[in-house]
Amino acid sequence: MKNLLAVFVLVSAVTWAQNASCTEVIDRVVAVVGPEVITLSELQGEMAPALSDLTQKLRGDELAAATDRLRRQTLNNLIDKQLQLQQAKLDGIEVGPEEVEDAIKDIMKRNNLDEAGLRQALSDEGFTLEDYKKNLADQLVIVRLVSRTVKSKITLKG
């Protein structure tokens, strides 16, 4: 029985070691904002459109420096966005799915697009409609937060 247990432990250890040596980092945390994390894939996704432009215009050290600036700026923007969303949640500010749909209909109308055209335009930029809806909902929440914050600072004198 002891031999069987020893063999089991040995096989388990070897299997774990093999799996551990084959592991690959898929994603990593680049920032922690309160209870939320910002991952490398989120950062890269936000950077992608601007990075594509940079790689077409710049080379070498200029590209490396511009990419580093873009990475820092994008990360700061993601942190700011996360802080705003957390504050909005604390303040009870929410946006319903119907409000997001109304905003999308308005955007499609202003840009003379049907849903297929919108999906194609988003796809060309590397986004899905679902990604866009999530981002739009976040933007609407932040607009409400900022509006509420600004309105609370206004005092009328008469």
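The values are calculated or read from the model by the stated rules, or taken from the named source; none is laboratory data. This structure is a prediction, so every number in the text was calculated from the model and none was measured. Heads up, the Cβs are rebuilt from the backbone with ideal geometry, glycines too, and the neighbour counts pull from every protein chain shown. To get the accessible areas, we keep the full protein, side chains included, count just its heavy atoms, and leave off ligands, DNA and RNA. Shrake-Rupley method; radii C 1.70, N 1.55, O 1.52, S 1.80 Å.
The residue pairs whose first member lies in segment 72-87 and is free of Cβ contacts under 8 Å to residues at least 40 places away in the same chain, whose second member is in a helix (DSSP H, G or I) and open to solvent by less than 50 Å² (accessible area, probe 1.4 Å), and whose beta carbons are closer than 8 Å, counting only pairs six or more residues apart or on different chains, are Thr74/Leu43; Thr74/Met47; Thr74/Ala50.
A quick yes/no check of all residues on (1) β-branched (Val, Ile, Thr); (2) in contact with a Lys or Arg (Cβ under 7 Å, 6 or more places away or on another chain); (3) exposed (fewer than 14 other Cβ atoms within 10 Å of the Cβ):
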site	(1), (2), (3)
Ala66	no, no, no
Gln82	no, no, no
Ile93	yes, yes, no
Pro97	no, no, yes
Lys153	no, no, yes
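Scanning segment 100-125 for residues being open to solvent by 60 Å² or more (accessible area, probe 1.4 Å) and assigned to a helix (DSSP H, G or I) gives a total of 12. Within segment 31-53, does at least one residue satisfy the condition of being modelled with pLDDT under 95, over 23 Å from the mean Cα position of the chain (by Cα), farther than 21 Å from Lys133 by Cβ and not in a loop (DSSP other than H, G, I, E, B)? Within segment 31-53, none of the residues are modelled with pLDDT under 95, over 23 Å from the mean Cα position of the chain (by Cα), farther than 21 Å from Lys133 by Cβ and not in a loop (DSSP other than H, G, I, E, B). Considering every residue within segment 90-106, establish whether at least one is of a type in the set (A, V, I, L, M, F, W, C), farther than 25 Å from Gly45 by Cβ and free of Cβ contacts under 8 Å to residues at least 24 places away in the same chain. The answer is yes; a qualifying residue exists.
Within segment 126-149, residues that are open to solvent by less than 40 Å² (accessible area, probe 1.4 Å) have Cβ atoms under 6 Å from residues that are not in a helix (DSSP H, G or I) in these pairs: Ala137/Val95; Val141/Ile93; Val141/Val95; Leu145/Ile93, counting only partners at least 6 apart in sequence or on another chain. Across segment 98-114, not a single residue is classified as within 25 Å of Asp53 (Cα to Cα) and among the small types (Gly, Ala, Ser).
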